[in-house]
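Single-structure report; data block below.
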Amino acid sequence: MPLPVDFSEIAAMASGHSEARAIQVALKLGLFEAIAKSSLDADELARAIGAESRAVRILADALVAMGLMTKVTGRFRLDTGARDFLVRSSPRYVGDMILFDAELWSTWGKLEETVRTGKPSRLPDMFQGTPQETSRFIRAMDSLVRARGDAGYVASFLDLSGVQTVADLAGGPGTYMAALARRWPALRPALWDLGPTLNVAREILAERESDVANRIALVEVDYLRDELPSPVDMIFMSNVIHSEDEETNAMLMRKCLRALAPGGTLVIKDHIMNEERTDPRAGAVFPLYLMLTTRGRDYSFNEVARWLSGAGFGQIGEHKLPMPSFTSSLVTARKP
């Protein structure tokens, strides 16, 4: 049971948009890149990013107070955390995820309407409307997974010693399959997703995973309409079920069962909630975004287990990923 919150905690939560917007705007302006190599004063920084000096000083001072930069004798320098996560050249750059969130700023303004009507505020098309929109979304997913380290953890945790073929269903940028391919050299991985997403994944794999990109088969699949390619030894799904409603997820489990070889395994990675759907905290807050943009929400283990057992899976179990680094769990199930 969470402890009662005090005034300072309520105030911090209620004004959290201020700090979020400061980081988003700093990224858009290229502020972190501008001081990645050397410290600058406010006037130099303003010239570097093409902005007004007084306004840049105010923004930079706020970023110092937030712990993202330091300021000594009027000169600004990046903090280690900002250098790791907010400079594009870093392998842990999470900026694409932050910039994706920035594009949803106006969408969040419609939350009251969505709560009143129960309807998403935008078409729930998984950002497939334009190539630019798709690229922004898929690169955001890649950015988040790399920064947090999900793919490396999953590749180390899963024992794929007896697995020959694995498919990442709706796997977006292919980040997980690249990590699995690197960890398990004999594995034949595949990425199943929509055509526009695969176009972006192909770019990302060429840019960042060139050593294993040619081992990952890119297969166009629409899981809402198509039967899944088969047979495969394992199907992996990360952050898929939270985008869909209960009926669709039950259907998807049946499709996965049919696509798996006998004895094959389904692995679902997602926020897996307690029965009250209030813990983990990140999984309870995240459905506010899901309401705005998808048909889904986050689900409890028992809800997921019912879909799996109803489809015909057995040996259903859950592994909670270590917190605070992660807020997800792995649910595994076996085809008889």
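Conditions (1) of a type in the set (S, T, Y); (2) without any contact (Cβ under 8 Å) to a residue 40 or more places away in the chain; (3) under 30 Å from A261 (Cα atoms), marked per residue:
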{"site": "R122", "(1), (2), (3)": "no, no, no"}
{"site": "Q128", "(1), (2), (3)": "no, no, no"}
{"site": "E133", "(1), (2), (3)": "no, yes, no"}
{"site": "S143", "(1), (2), (3)": "yes, no, no"}
{"site": "F157", "(1), (2), (3)": "no, no, yes"}
{"site": "T165", "(1), (2), (3)": "yes, no, yes"}
{"site": "G171", "(1), (2), (3)": "no, no, yes"}
{"site": "G174", "(1), (2), (3)": "no, no, yes"}
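Among residues of region 15-44 that are on the phi > 0 side of the Ramachandran plot, those with a beta-carbon under 9 Å from a residue that is of a type outside the set (D, E, K, R) at least six positions away or on a different chain give the pairs G30/A48; G30/I49; G30/G50.
For D101, the criteria (1) out of contact with any Ser or Thr (no Cβ under 8 Å at 6 or more places or on another chain); (2) over 24 Å from S143 (Cβ atoms) hold in every case but one, which is (2).
With respect to the conditions (1) under 30 Å from T293 (Cα atoms); (2) touching a helix residue (DSSP H, G or I) at 6+ places or on another chain (Cβ under 6 Å), A46 lacks only one, and its number is (1).
A residue that is within 27 Å of the chain's Cα centre (by Cα) and of a type outside the set (D, E, K, R) occurs nowhere in region 39-47. Would you confirm, using the coordinates I've provided, whether V64 is at pLDDT 95 or above, part of a helix (DSSP H, G or I) and either farther than 27 Å from R146 by Cβ or touching a Lys or Arg at 6+ places or on another chain (Cβ under 9 Å) (or both)? Yes; evaluated as a whole, the condition is true for this residue.
Per-residue answers, yes or no, for (1) part of a helix (DSSP H, G or I); (2) of a type in the set (F, W, Y); (3) on the phi < 0 side of the Ramachandran plot:
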| site | (1), (2), (3) |
| --- | --- |
| A147 | yes, no, yes |
| A151 | yes, no, yes |
| A155 | yes, no, yes |
| S161 | no, no, yes |
| D168 | no, no, yes |
| G172 | no, no, no |
| A178 | yes, no, yes |
| R182 | yes, no, yes |
| P185 | no, no, yes |
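Against the condition surrounded by fewer than 15 Cβ atoms within 10 Å (Cβ to Cβ), within 21 Å of G16 (Cα to Cα) and in contact (Cβ under 8 Å) with a residue 40 or more places away in the chain, how does V115 come out, does it pass? Answer is yes for this residue. Looking at G264 and the list (1) in contact (Cβ under 8 Å) with a residue 60 or more places away in the chain; (2) over 20 Å from the mean Cα position of the chain (by Cα); (3) part of a loop (DSSP other than H, G, I, E, B), which single condition is not satisfied? In the conditions (1) in contact (Cβ under 8 Å) with a residue 60 or more places away in the chain; (2) over 20 Å from the mean Cα position of the chain (by Cα); (3) part of a loop (DSSP other than H, G, I, E, B), G264 misses (3) alone.
Taking the conditions (1) closer than 28 Å to E133 by Cα; (2) assigned to a strand (DSSP E or B) in turn, V331 satisfies each one other than (1). Answer yes or no: is there a residue in region 268-281 that is part of a helix (DSSP H, G or I) and either in contact (Cβ under 8 Å) with a residue 40 or more places away in the chain or within 23 Å of the chain's Cα centre (by Cα) (or both). Looking through region 268-281, at least one residue is part of a helix (DSSP H, G or I) and either in contact (Cβ under 8 Å) with a residue 40 or more places away in the chain or within 23 Å of the chain's Cα centre (by Cα) (or both). Here D193, D245, D226 are screened, and the one residue that is charged (D, E, K, R), touching an Asp or Glu at 6+ places or on another chain (Cβ under 8 Å) and assigned by TED's automatic domain parsing to the domain that holds A155 is D193.
When each of L45, L29, L40, L78 is tested for being outside the structural domain of P280 (by TED's automatic domain parsing), under 27 Å from W108 (Cβ atoms) and either buried (at least 17 other Cβ atoms within 10 Å of the Cβ) or charged (D, E, K, R) (or both), the lone residue that passes is L29.
Yes/no per residue for (1) of a type in the set (F, W, Y); (2) part of a helix (DSSP H, G or I); (3) loosely packed, with under 14 Cβ neighbours inside 10 Å:
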position	(1), (2), (3)
L198	no, yes, no
D211	no, no, yes
L218	no, no, no
L224	no, no, yes
D233	no, no, no
T248	no, yes, no
C256	no, yes, no
F286	yes, yes, no
Y289	yes, yes, no
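Assessment of region 4-27 against the conditions (modelled with pLDDT under 95 and among the β-branched types (V, I, T)) yields at least one matching residue.
Let's see how each residue does on (1) buried (at least 20 other Cβ atoms within 10 Å of the Cβ); (2) in contact with a Pro (Cβ under 8 Å, 6 or more places away or on another chain); (3) under 28 Å from L104 (Cα atoms):
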| site | (1), (2), (3) |
| --- | --- |
| A140 | yes, no, yes |
| A151 | yes, no, yes |
| P185 | no, no, no |
| R208 | no, no, yes |
| R215 | no, yes, no |
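The values are calculated or read from the model by the stated rules, or taken from the named source; none is laboratory data. Since the model is a prediction, treat every value here as computed from it, not as a measurement. Counting neighbours? That spans all protein chains shown, and the Cβs are built from the backbone with ideal geometry, glycine included.
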